[in-house]
Amino acid sequence: MTLPTDPAENLAALIRCPSVTPDDAGALGALSQMLERLGAKIERPVFREDGTPDIENLYVRVGTKVPHLLFAGHTDVVPPGDEAAWTHPPFAAEIANGEMFGRGAVDMKGGIACFVAALARYHESHGAPAGSVSFLITGDEEGPAINGTVKLLEWARERGEAWDAALVGEPTNPDALGDMIKIGRRGSLSGTIVVHGRQGHVAYPHLADNPVRGLLMLVEALLEPPFDEGTADFQPTNLEVTSIDVGNTATNVIPGRATATFNVRFNDRWTPESLQAEIHNRLDRAAASSRLRPGCGDPVAFDIEWRDRPSSAFLTRDDRLIETLTASVAAVTGKRPQLSTSGGTSDARFIKDYCPVVEFGLVGQTMHMVDERAALSDLETLTRIYLRFLEDWFG
Ligand SMILES: [Zn+2]
């Protein structure tokens, strides 16, 4: 039986499964076939929750000993959009000019294909690692993320699984392979402010309370001053107002209520709780000094509703893990990668509660775009980096 040592072959098999969240479309089956060739026992738990689609997941442990390395990722992909706009069909894995085209090529079937190839090459040249390597792969990263990594980690822990370190294969490099390793992520917090007014005629403002006046003052209090200047490892905390909604189509009516929604990406100076408290303080102060009528009236009455689940900022402090990966990247590419906490959230935010986690994968430039594609040379280079990492981490 030949081992799955060719990352391009592995990736083509995965791309040909149109696994747009929440459909698996055979993607985890294709991955299982590769991993079975390494002698692994495949587990495929399906998680369910009311109001969300059932999701297929995969957990595979190769080996029984410690240390135990976890490789985490997802086989689901975002929709291709207008398929006619693609130069090559999104689920055909066609190769042109040294690049493989397909949805998920870089985000992140490519990372999985390379890690499988690296582990297969490790087996070919060294036999089984002096420890264990596990794959924790979900089909629910690009969707609601409810029946995916969170439940899979919990499920594995209940079976006695524990990991010493984790590597997530998301695309982390902005321009070229070797640019960037992610060693943490900012937190994310969203909320909606509702200002309550009193509807009326614009020509008689003394008989109404205009909630738009109050909302503008409250929003300004969130925008200035800045929350912080950033920290040694993180960018400054940033709040963006994502929507202001009044829904009033008449120019002669003062509306009865106004809302604003915002999202904050925050650094390790804050927890979701301390940031919520700061936002409450700013809003309370602004509300006390603002009025909904010219010259008079009561302080602004508002509610705030916190949306989604906030996620905390985190920073990985496992020097050996970070240095081993950095050295592997440098050995293969000749570049020392930047250690970064930039960008959006990833499933690493869930894994960090179980073990130290770092992220390194392909170049992210075409992710989620039409003509998503990975250079075959990058697939080979990433496979070598992962192989080197396996050799050094277990060495
Ligand atoms: Zn991804």
> Of all residues in the stretch 25-42, how many are charged (D, E, K, R) and either under 22 Å from the mean Cα position of the chain (by Cα) or open to solvent by less than 60 Å² (accessible area, probe 1.4 Å) (or both)?
Replying inline: 0
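Do you know which residues across the stretch 352-370 are under 14 Å from D175 (Cα atoms) and part of a strand (DSSP E or B)? Spell out the reasoning first.
Residues of the stretch 352-370 under 14 Å from D175 (Cα atoms): 360-367.
Correct list: V363 only.
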>> Can you list the helices (runs of 4 or more DSSP H) lying wholly within the stretch 272-351 that have 3 or more residues being open to solvent by 70 Å² or more (accessible area, probe 1.4 Å)?
In response: 272-288, 319-333
> Does T345 meet the test of being in contact with a strand residue (DSSP E or B) (Cβ under 6 Å, 6 or more places away or on another chain) and at pLDDT 95 or above?
Replying inline: no
> Which condition number does G111 fail, the rest of (1) open to solvent by 20 Å² or more (accessible area, probe 1.4 Å); (2) at pLDDT 95 or above being met?
Replying inline: (1)
>> Quick check on T75: is it open to solvent by 20 Å² or more (accessible area, probe 1.4 Å) and touching a residue at least 24 places away in the same chain (Cβ under 8 Å)?
In response: no
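If we only count strands (runs of 3 or more DSSP E) wholly inside the stretch 29-146, which ones have 3 or more residues that are within 16 Å of the ligand (Cβ to nearest atom)?
Values: elements: 41-43, 46-49, 52-62, 68-74, 99-101, 132-138.
Ranges flagged: 52-62, 68-74, 132-138.
Working only within the stretch 198-213, note down all residues that are outside any strand (DSSP E or B) and either touching a strand residue (DSSP E or B) at 6+ places or on another chain (Cβ under 8 Å) or within 16 Å of the ligand (Cβ to nearest atom) (or both). Give the steps one after another, and end with the answer.
The first filter runs over the stretch 198-213 and keeps only residues outside any strand (DSSP E or B), leaving 199, 202-208, 210-213.
Matches in the stretch 198-213: Q199, V202, P205, H206, L207, A208, N210, P211, V212, R213.
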>> Exactly one condition in (1) open to solvent by 50 Å² or more (accessible area, probe 1.4 Å); (2) modelled with pLDDT of 95 or more; (3) within 16 Å of the ligand (Cβ to nearest atom) is false for P22; which is it?
In response: (2)
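Suppose we filter the stretch 213-258 for residues that are under 22 Å from C296 (Cα atoms) and either over 31 Å from the mean Cα position of the chain (by Cα) or not aliphatic (A, V, I, L, M) (or both); how many remain? Step through it out loud before you land on a result.
To start, the set of residues in the stretch 213-258 that are under 22 Å from C296 (Cα atoms) comprises 213-221, 252-258.
Subset that is either over 31 Å from the mean Cα position of the chain (by Cα) or not aliphatic (A, V, I, L, M) (or both): 213-217, 220, 252-258.
Qualifying residue count for the region: 13.
Name every residue in the stretch 147-197 that is in a loop (DSSP other than H, G, I, E, B) and within 16 Å of the ligand (Cβ to nearest atom), in order of residue number.
The initial filter retains those residues of the stretch 147-197 that are in a loop (DSSP other than H, G, I, E, B), namely 147-148, 159-164, 169-172, 174-179, 183, 186, 197.
Within the stretch 147-197, G148, G169, E170, P171, T172, P174 meet the criteria.
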> Of the numbered conditions (1) more than 26 Å from S312 (Cβ to Cβ); (2) surrounded by 23 or more Cβ atoms within 10 Å (Cβ to Cβ), I193 satisfies every one except a single condition; which is it?
Replying inline: (1)
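Return the residue satisfying two criteria in turn: it lies in the stretch 228-271 and is part of a loop (DSSP other than H, G, I, E, B) and among the hydrophobic types (A, V, I, L, M, F, W, C), and of such residues it is farthest from R293 (Cα to Cα). Steps first, answer last, please.
Taking the stretch 228-271 and keeping what is part of a loop (DSSP other than H, G, I, E, B), we get 228-237, 246-252, 255-256, 267-271.
Remaining after also requiring among the hydrophobic types (A, V, I, L, M, F, W, C): 232, 234, 246, 250, 270.
Numbers: A232: 45, F234: 42, V246: 17, A250: 19, W270: 36 Å.
The qualifying residue farthest from R293 (Cα to Cα) is A232.
Can you tell me which residue in the stretch 151-183 is farthest from A72 (Cα to Cα), limited to those that are of a type in the set (D, E) and in contact (Cβ under 8 Å) with a residue 12 or more places away in the chain?
At the first step, the residues of the stretch 151-183 found to be of a type in the set (D, E) are 154, 158, 161, 164, 170, 175, 179.
Checking which are in contact (Cβ under 8 Å) with a residue 12 or more places away in the chain leaves us with 161, 164, 170, 175, 179.
Working: E161: 14, D164: 13, E170: 9, D175: 23, D179: 21 Å.
Selected residue: D175.
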>> I'd like to check something: does the stretch 372-383 contain any residue that is in contact (Cβ under 8 Å) with a residue 12 or more places away in the chain, open to solvent by 10 Å² or more (accessible area, probe 1.4 Å) and among the polar types (S, T, N, Q)?
In response: yes
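Out of all the residues in the stretch 1-17, which are surrounded by fewer than 18 Cβ atoms within 10 Å (Cβ to Cβ) and not acidic (D, E)?
M1, T2, L3, R16
Taking the condition of being of a type in the set (A, V, I, L, M, F, W, C) and out of contact with any Gly (no Cβ under 6 Å at 6 or more places or on another chain), how many residues in the stretch 107-142 meet it?
Within the stretch 107-142, the first condition is being of a type in the set (A, V, I, L, M, F, W, C), and the residues that meet it are 108, 112-120, 128, 130, 133, 135-137.
Imposing the further condition that a residue be out of contact with any Gly (no Cβ under 6 Å at 6 or more places or on another chain) reduces the set to 113-114, 116-120, 130, 133, 135-136.
Number satisfying all stated conditions: 11.
The values are calculated or read from the model by the stated rules, or taken from the named source; none is laboratory data. Being a predicted model, the structure only gives us computed values, none of them experimental. A quick note on method: Cβ atoms are made from the backbone with ideal geometry, for glycine too, and the neighbour counts reach across all protein chains shown. Side chains are part of the model used for accessible areas, which takes the heavy atoms of the whole protein and leaves out ligands, DNA and RNA. Shrake-Rupley method; radii C 1.70, N 1.55, O 1.52, S 1.80 Å.
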